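Q: Submitted below is the structure of interest, expressed as structure tokens.
The values are calculated or read from the model by the stated rules, or taken from the named source; none is laboratory data. Treat the numbers as computed from the prediction; the structure is a model and nothing was measured. Note: ideal-geometry Cβ built from the backbone for every residue, glycine included; neighbour counts use all protein chains shown.
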């Protein structure tokens, strides 16, 4: 059986399982990191926690967006809901991606006022970007800034991995960020295949990206729990 | 007033000194912690209130000792520092 057929015949089961797994993993990571933030009030950890919870919410809306998309007879009747789901998914996952980078660079920005400005600009920027992406039906508007963000995040975590030689957790966190970058490149490819009516390649890349995202969160959860046994 | 993270560093230092000395006089701890007296008093009061440190009296002298909660704080603080370094935060 073609992977495309298998996915389209069982998509609701696959996506439900995927959503449940991602929500559980996000909650587990968040519940640990937020305890460290409560203990320390260290802001970069707050943004790391926020990023995880925004990812979880983004995937929650993704499920409903896919539900409307794959039950096409509903698309016309509940168009406003579809727009809301698609917009929420794009906005929340974009902001989550940004907050990972922000958590990595935050300590280098010393002035508190600058953080307020950066946060406001980022929220506005990704809000408008997601809106533009929905209006123009061009998801590249969202994907390209995210790929740029993750290229920066990969280079920062790579430097940290080199600095902390022989440290398993630093290496695995680098892998988490790298998988995020691959994930966004994969989603870009999947979208290109979708708009060029190449359903077979779209389904293949889409499923691979689901597996990769799941793997990314499993590693993220593993390193968080390994490092934070006392919390 | 110091920020919370800096405050954590000070609390950690005080607890480490008490742990290393096992039982310590306030004047000795003040000297070791290298803090002005009024600030030191605020911290030690906080540690006593949060029950991380015990105050005992022996021959009219006050001694501080670390307890389970204090040890737990030290362990958590070490993990927090490690987490920051490992994740590059």
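Q: Only residues that are within 8 Å of another protein chain (Cβ to nearest Cβ) and either in a helix (DSSP H, G or I) or under 24 Å from residue A:145 (Cα atoms) (or both): list them for segment A:164-182, please.
A: Of the residues in segment A:164-182, the ones within 8 Å of another protein chain (Cβ to nearest Cβ) are A:164, A:167, A:169-170, A:173.
Within segment A:164-182, A:169, A:170, A:173 qualify.
Q: Now a separate question. Report, by residue number, each residue of segment A:145-187 that is without any contact (Cβ under 8 Å) to a residue 24 or more places away in the chain and under 16 Å from the mean Cα position of the chain (by Cα).
A: Listed by number, the residues that qualify are A:148, A:174.
Q: Can you name every residue in segment B:77-89 that is within 7 Å of another protein chain (Cβ to nearest Cβ), within 19 Å of residue B:6 (Cβ to Cβ) and crowded, with 19+ Cβ neighbours inside 10 Å?
A: Within segment B:77-89, B:80, B:83, B:89 meet the criteria.
So that you can scan it fast, the table gives a plain yes or no per residue for (1) modelled with pLDDT of 95 or more; (2) touching a strand residue (DSSP E or B) at 6+ places or on another chain (Cβ under 7 Å); (3) within 30 Å of residue B:10 (Cβ to Cβ); (4) not in a helix (DSSP H, G or I):
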residue	(1), (2), (3), (4)
A:21	yes, no, no, no
A:26	yes, no, no, no
A:30	yes, no, yes, no
A:34	yes, no, yes, no
A:38	yes, no, yes, no
A:59	yes, no, no, no
A:64	no, no, no, no
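Q: Could you say whether any residue in segment B:4-13 is away from chain A (no Cβ under 14 Å) and either under 23 Å from residue B:78 (Cβ atoms) or touching a residue at least 60 places away in the same chain (Cβ under 8 Å) (or both)?
A: Scanning segment B:4-13 turns up at least one residue that is away from chain A (no Cβ under 14 Å) and either under 23 Å from residue B:78 (Cβ atoms) or touching a residue at least 60 places away in the same chain (Cβ under 8 Å) (or both).
Q: Test residue A:49 against the stated conditions and say whether it is within 14 Å of the chain's Cα centre (by Cα), free of Cβ contacts under 8 Å to residues at least 40 places away in the same chain and closer than 14 Å to residue A:221 by Cα.
A: On the way: within 14 Å of the chain's Cα centre (by Cα): yes; free of Cβ contacts under 8 Å to residues at least 40 places away in the same chain: yes; closer than 14 Å to residue A:221 by Cα: yes.
Taking the combined requirement at face value, the residue satisfies it.
Q: Residues that are outside any strand (DSSP E or B), on the phi > 0 side of the Ramachandran plot and surrounded by fewer than 18 Cβ atoms within 10 Å (Cβ to Cβ): does segment B:38-50 have at least one?
A: No: zero hits.
Q: Another question about this same structure. Of these, A:42, A:37, which one is without any contact (Cβ under 8 Å) to a residue 12 or more places away in the chain and under 30 Å from residue B:72 (Cα atoms)?
A: A:42 is the lone residue from the list that is without any contact (Cβ under 8 Å) to a residue 12 or more places away in the chain and under 30 Å from residue B:72 (Cα atoms).
Q: Taking the residues in segment A:211-231 that are closer than 23 Å to residue A:17 by Cβ and buried (at least 21 other Cβ atoms within 10 Å of the Cβ) as candidates, determine which candidate is nearest to the other protein chains (Cβ to nearest Cβ).
A: Initial filter on segment A:211-231 (closer than 23 Å to residue A:17 by Cβ): A:211-222, A:224-225.
Narrowing the set further to residues that are buried (at least 21 other Cβ atoms within 10 Å of the Cβ) leaves A:213, A:216-217, A:220, A:224.
Working: A:213: 19, A:216: 15, A:217: 15, A:220: 10, A:224: 8 Å.
Top of the filtered list is A:224.
Q: Restricting segment A:106-145 to residues that are out of contact with any helix residue (DSSP H, G or I) (no Cβ under 9 Å at 6 or more places or on another chain), within 14 Å of chain B (Cβ to nearest Cβ) and part of a helix (DSSP H, G or I), which is modelled with the lowest pLDDT?
A: Here the answer is A:112.
Q: Just one of A:133, A:94 is within 15 Å of the chain's Cα centre (by Cα), closer than 30 Å to residue A:16 by Cα, touching a residue at least 40 places away in the same chain (Cβ under 8 Å) and buried (at least 17 other Cβ atoms within 10 Å of the Cβ); which is it?
A: Numbers: A:133 fails: within 15 Å of the chain's Cα centre (by Cα).
Matching residue, one of A:133, A:94: A:94.
Q: Same structure again: Looking only at residues that are out of contact with any helix residue (DSSP H, G or I) (no Cβ under 6 Å at 6 or more places or on another chain) and in contact (Cβ under 8 Å) with a residue 24 or more places away in the chain in segment B:44-61, which one is farthest from the other protein chains (Cβ to nearest Cβ)?
A: B:61
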